[in-house]
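What follows is calculated from the coordinates using simple rules that are stated; it is not laboratory data. These numbers were taken from a predicted model, which means no experiment stands behind them. Please note: Cβ atoms are built from the backbone with ideal geometry, for glycine as well, and neighbour counts cover all protein chains shown.
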């Protein structure tokens, strides 16, 4: 497949979901409350990451002058591969402790059975190198009466060392599907478990402080929806979030280069398009408000930032450079309402 959604052993796309069909039109639609075992199967996650010693053929010129081939190996690295297809996931240290796809799904068992969470999507990217599941926490708020925001819990891991296992609360703005990570009371955006340590689902849930993060987010979002911003503040906000230009001196130094001037002009035009014309930009909570600046950034990252494909954009928006940009926007906005 040209996109980054993985393929299951039976040839289907490794993604399952409830409610509306995703933009890519791929995957298996499930009914709300489907058993987790069914989720694992339909999302193409019914496999394990297995380890094998590294073995390779080595060809060299022997003492007779003829080429010789021998089988060599390494005890310093192991190959991670999928149990269903045999596809190679990565070459890692023997100390690498993968979190299995089944563990990602099982993480939500007590949350769905006892706390009312609803699993909404799960799947894999990049041939299974990244696996995730996303659940609706059933927390929601209405900013200034019309701007609805829902709370979600995302758990993701990788098998190629590209990221640690991450558990994070994420908000989704209903009017435009913008996503934004929630920080807890200490300002942390997520709970991170390195692959060098054992994954403990109960400890992760405890560290997340389920409930506290949403309360803090709701309070800050409501404050941002009433914080008026000027046009000059808006431009400075975007330049700081994307380029780190947080002072007049840095902005002037950057604009001394004519090429940079053109870059900034094009960039500001793109951000104004998200600021004034994206879904929800007209709402009272966003128009001329700090909340609108944050949502302009999230809309830009989730839908407008140049990417090779929609799936590549999702990968960056959830796990990569896009997620970092959105977090900087949220942190800067917090500083403006502190």
Any chance you could run the full-extension gain for residue 174 through residue 338? It's 0.36 nm times the residue separation minus the Cα-Cα distance, nm to one decimal. 56.4 nm
Calculated FRET efficiency, residue 249 and residue 106, Cβ-Cβ r, R0 51 Å, to nearest 0.05? 0.45
Per-pair calculated FRET efficiency, R0 = 22 Å: residue 97 and residue 41 via Cβ, rounded to 0.05: 0.35
Applying a 10 Å radius around every beta-carbon, put 25-33, 97-105 in order of their mean neighbour count, most first. 97-105, 25-33
Compute the length gained on full extension between residue 79 and residue 212: take 0.36 nm times their separation in residues and subtract their Cα-Cα distance, giving the result in nm to one decimal. 43.9 nm
To the nearest µm²/s, what D does Stokes-Einstein give for the chain at 10 °C and 1.306 mPa s, using the Kirkwood radius over alpha carbon pairs as Rh? 72 µm²/s
Label 7 Å along Cα→Cβ of residue 32; region 74-113 residues with amide nitrogen under 18 Å? 109, 111-113
Based on other C-beta atoms within 10 Å, arrange 78, 91 from fewest to most. 91, 78
Any idea what angle helix 212-224 forms with the longest principal axis of the chain, computed on alpha-carbon atoms, 0 to 90 degrees, nearest 10? 40 degrees
Assuming R0 = 25 Å, what is the FRET efficiency of residue 327 and residue 146, from their Cβ-Cβ distance, to the nearest 0.05? 0.45
Could you give the nm distance between label points at residue 88 and residue 226, where each point is 7 Å from its Cα heading toward the beta carbon? 5.9 nm
Round to the nearest 10 and give me the degree value, 0 to 90, for the angle of helix 231-243's Cα axis relative to the longest principal axis of the chain. 10 degrees
